[in-house]
Amino acid sequence: MKRTKLIATVVSVVLVAGLVGGAVLVTKHGSAGSKTATNADPNKIITQAELAAADGKSGHRCFVAVDSVVYEIVDSPLWQNGQHTTSGGLAYCGADMSQAIKQSPHGKSKLAELTIVGHLK
């Protein structure tokens, strides 16, 4: 009887911790769909020079533009040292990827998961 109560208590604690952790994650990262970083202005104009500087190398941020919208890629294992590792060199940070994304198997669907940081001038 005591063991059953202990198991029930442990399960309850784990469930509550999971719910709280999930709520914190949703609050921090937002719900599904394109989002705007807390400190980002989706109406900000990003110049070609600013886009090129966000090349994802040497600690730089990784920006890609698609159809004049500039997105930031953060913490993706598929993007290393400024390149999309599975694209064969076609997709990389700091550039307009409007044409390259048409060749990807996922198309524009993955853009909904990225943060919009502005619009390309």
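The values are calculated or read from the model by the stated rules, or taken from the named source; none is laboratory data. For clarity, every value in this text was computed on a predicted model and none was experimentally measured. Positions of Cβ are backbone-derived with ideal geometry, glycine not excepted, and every protein chain shown enters the neighbour counts.
Some notes on this structure:
- Scanning the range 30-51 for residues that are modelled with pLDDT of 80 or more and surrounded by 15 or more Cβ atoms within 10 Å (Cβ to Cβ) turns up ILE46, GLU50, LEU51.
- Candidate set: the range 91-116, residues that are out of contact with any Phe, Trp or Tyr (no Cβ under 7 Å at 6 or more places or on another chain) and aliphatic (A, V, I, L, M); chosen: the one nearest to ASP55 (Cα to Cα): ALA95
- Residues within the range 62-90 that are surrounded by 21 or more Cβ atoms within 10 Å (Cβ to Cβ) and over 14 Å from LEU51 (Cα atoms), tallied: 1
- All positions within the range 63-121 that are part of a loop (DSSP other than H, G, I, E, B), under 16 Å from THR47 (Cβ atoms) and without any contact (Cβ under 8 Å) to a residue 60 or more places away in the chain: SER68, CYS93, GLY94
- Residue list for the range 93-116, filter: basic (Lys, Arg) and either in contact with a strand residue (DSSP E or B) (Cβ under 7 Å, 6 or more places away or on another chain) or farther than 16 Å from VAL74 by Cβ (or both): LYS102, LYS108
- Selection status of ASP75, of a type in the set (D, E, K, R) and out of contact with any helix residue (DSSP H, G or I) (no Cβ under 9 Å at 6 or more places or on another chain): yes
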